[in-house]
1. Condition first: surrounded by fewer than 19 Cβ atoms within 10 Å (Cβ to Cβ) and in a strand (DSSP E or B). Now tell me which residues in the range 124-142 satisfy that.
2. Among the listed residues ALA43, ALA89, which satisfies the condition of being touching a Ser or Thr at 6+ places or on another chain (Cβ under 6 Å) and either closer than 21 Å to GLU187 by Cα or not in a helix (DSSP H, G or I) (or both)?
3. Can you confirm whether ARG121 is touching a residue at least 12 places away in the same chain (Cβ under 8 Å) and surrounded by fewer than 16 Cβ atoms within 10 Å (Cβ to Cβ)?
4. Restricting to the range 143-168, and then to whatever is assigned to a loop (DSSP other than H, G, I, E, B) and among the hydroxyl-bearing types (Ser, Thr, Tyr), can you tell me which residue is surrounded by the most Cβ atoms within 10 Å (Cβ to Cβ)?
5. What do you reckon, is ILE57 in a helix (DSSP H, G or I), in contact (Cβ under 8 Å) with a residue 40 or more places away in the chain and within 19 Å of the chain's Cα centre (by Cα)?
6. Is there a residue being crowded, with 18+ Cβ neighbours inside 10 Å and more than 22 Å from PHE126 (Cα to Cα) anywhere in the range 68-84?
7. Checking the condition surrounded by fewer than 18 Cβ atoms within 10 Å (Cβ to Cβ) and modelled with pLDDT under 85, which residue from LYS35, LYS13, LYS49, LYS23 passes?
8. Kindly provide the set of residues from the range 67-113 that are out of contact with any strand residue (DSSP E or B) (no Cβ under 8 Å at 6 or more places or on another chain), touching a residue at least 60 places away in the same chain (Cβ under 8 Å) and under 16 Å from PHE176 (Cα atoms), ordered by number.
Amino acid sequence: MARSMRDIKRQIKSVQNTRQITKAMEMVAASKLRKAQEKAEAARPYSEKLKEVVSSIAAGTKELSHPMLVSRPVKKTAYLIITSDRGLAGGYNANILRQVTLLLAERHKSKDEYGLFVIGRKGRDFLRRRDYPIVEEVTELSDTPTFADIKSIAYSAVQQFETGVYDELYICYNRFINAISQVPTVEKLLPMDTVSGGEHHEATANYEYEPSPEGVLEVLLPKYAETLIYSAILDGKASELGAKMTAMGSATKNASKMIGNLKLTYNRARQAAITQEITEIVAGANAQS
């Protein structure tokens, strides 16, 4: 019994140490989440204004021949997948990777029909182990990534669509709702069907473009696509930190519950040991009388 009680005490100490770690990680994630959420929200006005400008120019241009605005027969598709570099974030990575693998199995008969641009070590390792065709990868992003950190992979994905290597480009990430809710999302990024159609922008002023509207679109459209990718990465980073905060909070609560149960078990074992000792003493005293 004494050995069992020592084991229980050792386990209680171990769980208490784990609870301290998970509590600290929860507080760190909560602090970083506020910064990531502020950065994601700060990036939205720029992307929205850029979309407004691009849509306005596209609406005033009679013939659009830019490859980013024109649909073509789909022979090969690119997917840009955003995951995290580290775990301990609940179902953050598993949810988006599950959706991506199901989508690939549903839409494609062969791995030659698509290529993957992967951000995050967890996604890269998962897809590499299963022999998916990874074209480019970026890992070890900070919790507050800058555009320069992902510029190369964003430019490469957009450029390969423009040159015809891929006929579609999708972005796959976790859309941030709040700290406890992140929605796995797959959005079509290129070609930009919604820029020139579906939305009617009333002209509030007449603008002159130099050298031409088509020339301005030639510069703005790639930047707009790259901005959407960066915005999705900021959203994904906020989702990652929210998932991590929630996961560590749940782990802390579970550890507290486990400690309570272990203490109850320890007290029962201790009480049983004391009762047994008293019984033995009484039995010994009776035997001598």
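The values are calculated or read from the model by the stated rules, or taken from the named source; none is laboratory data. In this text the structure is predicted, and so the values were computed from the model without any measurement. Glycine gets a Cβ as well: all are built from the backbone with ideal geometry, and neighbour counts include every protein chain shown.
1. Taking the range 124-142 and keeping what is surrounded by fewer than 19 Cβ atoms within 10 Å (Cβ to Cβ), we get 125, 128-131, 133-137, 139-140, 142.
Answer for the range 124-142, where residues must be surrounded by fewer than 19 Cβ atoms within 10 Å (Cβ to Cβ) and in a strand (DSSP E or B): ILE134, VAL135, GLU136, GLU137.
2. None of the others qualify; the one that does is ALA43.
3. Details: touching a residue at least 12 places away in the same chain (Cβ under 8 Å): yes; surrounded by fewer than 16 Cβ atoms within 10 Å (Cβ to Cβ): no.
No: the conditions fail for ARG121.
4. Among those residues, the one meeting the criterion is TYR166.
5. Here the answer is no, as ILE57 does not meet what is asked.
6. There is at least one residue in the range 68-84 that is crowded, with 18+ Cβ neighbours inside 10 Å and more than 22 Å from PHE126 (Cα to Cα).
7. Sole residue among the options that is surrounded by fewer than 18 Cβ atoms within 10 Å (Cβ to Cβ) and modelled with pLDDT under 85: LYS49.
8. Of everything in the range 67-113, those that are out of contact with any strand residue (DSSP E or B) (no Cβ under 8 Å at 6 or more places or on another chain), touching a residue at least 60 places away in the same chain (Cβ under 8 Å) and under 16 Å from PHE176 (Cα atoms) turn out to be SER84, ALA89, GLY90, GLY91.
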